[in-house]
1. For residues that are within 21 Å of Leu155 (Cα to Cα), under 21 Å from the mean Cα position of the chain (by Cα) and not hydrophobic (A, V, I, L, M, F, W, C), scanning just segment 191-223, find the one that is modelled with the lowest pLDDT.
2. Give Glu163, Glu172 a once-over and let me know the one that is touching a helix residue (DSSP H, G or I) at 6+ places or on another chain (Cβ under 6 Å), of a type in the set (Asp, Glu) and outside the structural domain of Gly61 (by TED's automatic domain parsing).
3. Of the conditions (1) farther than 21 Å from Gly12 by Cβ; (2) in contact with a strand residue (DSSP E or B) (Cβ under 7 Å, 6 or more places away or on another chain), Ala109 satisfies every one except a single condition; which number is it?
4. Here is a check on your reading of the model: is Val103 in contact with a helix residue (DSSP H, G or I) (Cβ under 9 Å, 6 or more places away or on another chain) and closer than 24 Å to Ile136 by Cβ?
5. Got a sec? Which strands (runs of 3 or more DSSP E) wholly within segment 117-183 have at least 2 residues that are surrounded by fewer than 24 Cβ atoms within 10 Å (Cβ to Cβ)?
6. Go through the residues of segment 195-203 one by one and say whether even a single one is closer than 17 Å to Ala139 by Cα, polar (S, T, N, Q), surrounded by fewer than 22 Cβ atoms within 10 Å (Cβ to Cβ) and touching a residue at least 24 places away in the same chain (Cβ under 8 Å).
7. Does Ala162 satisfy the condition of being modelled with pLDDT of 95 or more and closer than 26 Å to Thr63 by Cα?
8. Can you give me the number of residues within segment 191-247 that are hydroxyl-bearing (Ser, Thr, Tyr), outside any helix (DSSP H, G or I) and within 30 Å of Val51 (Cβ to Cβ)?
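The values are calculated or read from the model by the stated rules, or taken from the named source; none is laboratory data. Note that the coordinates shown come from a computational prediction; the quantities given were computed from them, not determined experimentally. Glycine gets a Cβ as well: all are built from the backbone with ideal geometry, and neighbour counts include every protein chain shown.
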Amino acid sequence: MQIFGVDIGGSGIKGAPVDLDRGDLTQERHKVLTPHPATPDAVVEGVREVVEHFGWTGPVGATFPGVITDGTARTAANVDKSWIGTDIRKLVSDRLGGVPVTVLNDADAAGVAEMHFGAGQGRTGTVLMLTLGTGIGSALFTGGRLVPNTELGHLELHGHDAEKKASSKAREDEDLSWEHWARRVQKYLAHVEMLFSPELFIIGGGVSRKAHKFLPLIEGIEAEIVPAQLQNNAGIVGAAMGAAGEA
């Protein structure tokens, strides 16, 4: 069974058809840059471009970097604030000619994919997926079930939104060494561990491809810490799972 998944991020919009039996992309993903300002109309045009690149005409699952309830955006931290209150499901469906569309929080989608196909398989305790990218997304699971829309990247840490200091974008913007950035991530993980006591942290986002450069530098965390096995494709896979009713 194949379903199309598209992952809307603060820096890029990427998508591909997904084989839901294997949890893998059936073709190399196509990516376009997220427009700036990242207004609903401009971003959805990018979604259309990604979907039409494959000639896809069936159901589509889409992620969004913010709180999603019933297909509608409730927050918009790393895209234009005009998204708040937008019925994303309808907007995307209309732009794609009326195909069925399902919308999930981006980190929730990535977490669902990792729990089903990746590093979280078989884990029934408290698991926390964190996506380190333009911001910090979070997906919290207990007993294998998702607690949606946690958005833990916005926890206050030393007077700032945690994602302003510990995201991958913060590392790049401030030209931090891996060692310096790892200390920031470590402080964030310690704060989250104090609040939720997970047995496992799964670290996703694009930077998960370079997990060997920073995960070994993180100390003092009791929970196991592993990189996402699906890496930066987790959001696409999870979006497709959502469209198939599996998320």
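1. Gly205
2. Residue meeting the stated conditions: Glu163.
3. With respect to (1) farther than 21 Å from Gly12 by Cβ; (2) in contact with a strand residue (DSSP E or B) (Cβ under 7 Å, 6 or more places away or on another chain), Ala109 is out only on (1).
4. Answer is yes for this residue.
5. Strands (runs of 3 or more DSSP E) meeting the threshold: 136-142, 145-147.
6. yes
7. Yes; evaluated as a whole, the condition is true for this residue.
8. Residues in segment 191-247 being hydroxyl-bearing (Ser, Thr, Tyr), outside any helix (DSSP H, G or I) and within 30 Å of Val51 (Cβ to Cβ): 0 in total.
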